[in-house]
Amino acid sequence: MKTTAKDIMKLIKEQGIEMVDFKIVDINGQFRHVTIPAAHFNEETMVNGIGFDASNYGYAVVEKSDMVYIPDLDTAIMDPFCEIPTLSMIGNAMIIDYPHNRPLAQYPRNIIAAAEQYMKDSGIADTMLILPEFEFYLFDSAGWTVGHDQMSSYVDAAQAHWNSLSEGSGNVVPLQKNYHIAKPFDPTYECRSEMCMEIEKAGIPVKYHHPEVGAAGQFEIEPLLGEVGKMADGTMMVKYIIHNVAKKHGLTATFMPKPVYGEAGSGMHVHMLLLKDGQPVFSDDEGYSHLSKEAHWFMGGLLKHISAVCAITNPSTNSFKRLIPGFEAPVTVGYATSNRSAVIRIPAYAKDPKERRFELRNPDATCNPYFAYAAILMAGLDGIKNQIDPHANGWGPYDMNLFELPEEEKKKLHQLPSTLEQALSALEADHAFLTEGGVFPEELIANFISRKRAECAEMAKIPNPAEFERYFNL
């Protein structure tokens with residue numbers, strides 16, 4: 001049942017709410033917000049919205065940059081991180097077009113909604129369920145400086161292997177040995193349990209949380225499967241909650257893909273499946289790994305367009321410092337069952353026909369989740385539409401450790417882009433599958449590529465400490 005304006009007004013009165021907070025998503029996938037006193041919040045606000053300048057959010061629009069934010073009443077929750085009772089809502093950006101506002105096509109929530117509608121119109125499926133795995137580091141302290149006279153960064157976690165001498169208690173974890181480590185080597189357990197409790201309160205069911213491989217404080221929180229549009233909102237809320245609970249505990253959380261040299265990087269693996277009329281589209285007892293031909297075609301679409309998709313799912317220069325061999329991060333364009341070295345892994349434990357699925361392992365949480373999930377869906381639907389067979393195209397199945405293949409065999413494999421610049425060039429050359437049905441506007445793709453290329457050029461100018469180590473005395 002949809003939440004009505006009367007429901008919101010009743011909630012404000014009953015809960016003694018003093019502030020109403022509107023969360024807006026910028027082009028990079030970060031929350032911005034505007035807050036108004038609850039005393040001035042009324043039904044008219046929910047219809048006419050709040051004005052804002054879209055140019056400051058990174059959107060390149062032909063129209064005037066004055067936009068209107070319209071709250072989505074179904075997203076209303078109490079913000080647990082505000083001392084003053086605050087009701088928080090995510091919403092949509094609209095172009096002012098009297099007498100009726102119209103959706104800003106470039107706005108992330110509108111993109112994922114358009115992708116879902118395209119899926120329904122195709123007749124292939126009416127629901128996409130996804131499960132993103134949130135990997136992140138928790139540090140006791142972190143900092144950096146980028147200046148003319150110095151470029152440096154540091155991170156620290158009490159249980160990190162480099163603190164074996166200073167801690168003196170022996171409660172440190174060896175390099176790359178943090179996976180599922182128990183107390184006393186897991187000092188942030190209570191912090192993560194609180195994160196999960198707040199995530200549950202936000203309406204996002206949690207499957208579990210646990211320590212990940214990185215001994216310098218890497219962890220994972222995994223939700224249950226959810227509808228793709230709602231999970232895009234959910235991804236924003238999960239990150240918001242993790243950051244804020246970490247701060248409450250005197251810690252700092254980061255989703256940066258590769259914050260620690262020599263440790264495992266943090267990804268955001270995305271599990272996915274399609275339903276039609278409540279029935280699984282991806283299940284077939286006779287298919288490879290019990291997956292249907294539609295599932296294989298969906299994988300084929302992802303693998304065909306993976307280089308372009310990488311620009312959206314891995315949109316930072318740091319993303320590609322994670323996508324290297326030896327750290328369970330994929331580098332090979334291919335698929336397999338229970339194989340973490342291929343970009344698509346089919347989990348063998350998903351035996352229920354309604355949960356048969358696969359995961360895309362390259363994404364990370366520096367992405368804008370609305371763009372990333374929409375791009376994944378559009379690539380997969382293109383695969384089904386054009387019956388792209390991953391096996392016929394030489395993309396697997398690879399039921400072996402691809403990292404340990406002889407070099408001659410490795411040369412035969414297709415590889416993911418190794419830099420953001422390569423991924424952006426792939427997106428520039430291959431994005432027709434994204435613009436099908438008007439889901440991704442051409443101007444958004446051009447704007448995204450332009451902004452990211454400028455970012456790459458700026459990052460390339462900055463010396464780093466490793467260059468000093470290697471070249472200073474030559």
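Only one entry in Leu225, Leu291 is closer than 21 Å to Ile112 by Cβ and of a type outside the set (Asp, Glu), namely Leu225. Report yes if some residue within the range 293-302 is part of a loop (DSSP other than H, G, I, E, B) and either in contact (Cβ under 8 Å) with a residue 60 or more places away in the chain or in contact with a His (Cβ under 8 Å, 6 or more places away or on another chain) (or both); otherwise report no. No, the conditions are met nowhere in the range 293-302. Here Leu175 clears all of (1) over 22 Å from Pro369 (Cα atoms); (2) out of contact with any Gly (no Cβ under 9 Å at 6 or more places or on another chain); (3) in contact (Cβ under 8 Å) with a residue 40 or more places away in the chain except the condition numbered (2).
Beta carbons closer than 7 Å, at least 6 apart along the sequence or on distinct chains, pair a first residue in the range 418-440 that is charged (D, E, K, R) with a second that is part of a loop (DSSP other than H, G, I, E, B) for Asp430/His305.
Specify the residue that is nearest to Ser141 (Cα to Cα); the eligible residues are those in the range 230-253 that are small (Gly, Ala, Ser) and crowded, with 19+ Cβ neighbours inside 10 Å. It comes out as Ala253.
If only residues of the range 347-370 that are under 27 Å from Ala113 (Cα atoms) and of a type in the set (A, V, I, L, M, F, W, C) are counted, the one that is surrounded by the most Cβ atoms within 10 Å (Cβ to Cβ) is Leu360. The condition of being assigned to a loop (DSSP other than H, G, I, E, B) and either surrounded by fewer than 20 Cβ atoms within 10 Å (Cβ to Cβ) or modelled with pLDDT of 90 or more (or both) holds for only one of Tyr154, Tyr98, that being Tyr98. Selection of the range 443-474 for residues being polar (S, T, N, Q) and part of a helix (DSSP H, G or I) yields Asn447, Ser450.
The numbered conditions (1) in contact with a Lys or Arg (Cβ under 7 Å, 6 or more places away or on another chain); (2) modelled with pLDDT under 95 are all true for Leu424 except (2).
Examine the range 374-395 for a residue that is β-branched (Val, Ile, Thr), exposed (fewer than 15 other Cβ atoms within 10 Å of the Cβ) and within 22 Å of the chain's Cα centre (by Cα), and state whether such a residue exists. Within the range 374-395 (the criterion being β-branched (Val, Ile, Thr), exposed (fewer than 15 other Cβ atoms within 10 Å of the Cβ) and within 22 Å of the chain's Cα centre (by Cα)), the answer is no, since none of the residues qualifies. Within the range 47-60, residues that are within 19 Å of Ile36 (Cβ to Cβ) have Cβ atoms under 9 Å from residues that are at pLDDT 80 or above and among the basic types (Lys, Arg) in these pairs: Phe52/Arg32; Asn56/Arg32; Tyr57/Arg32, counting only partners at least 6 apart in sequence or on another chain.
Scanning the range 75-89 for residues that are touching a residue at least 40 places away in the same chain (Cβ under 8 Å) and in a loop (DSSP other than H, G, I, E, B) yields Ala76, Asp79, Pro80, Phe81, Cys82, Ile84, Pro85. Looking only at the range 244-292, residues that are on the phi > 0 side of the Ramachandran plot and not in a loop (DSSP other than H, G, I, E, B) come to 2 in all.
The values are calculated or read from the model by the stated rules, or taken from the named source; none is laboratory data. Keep in mind that what you see is a predicted model, and the values were worked out from it rather than measured. All Cβ positions, even for glycine, are placed from backbone atoms using ideal geometry, and neighbour counts span all protein chains on display.
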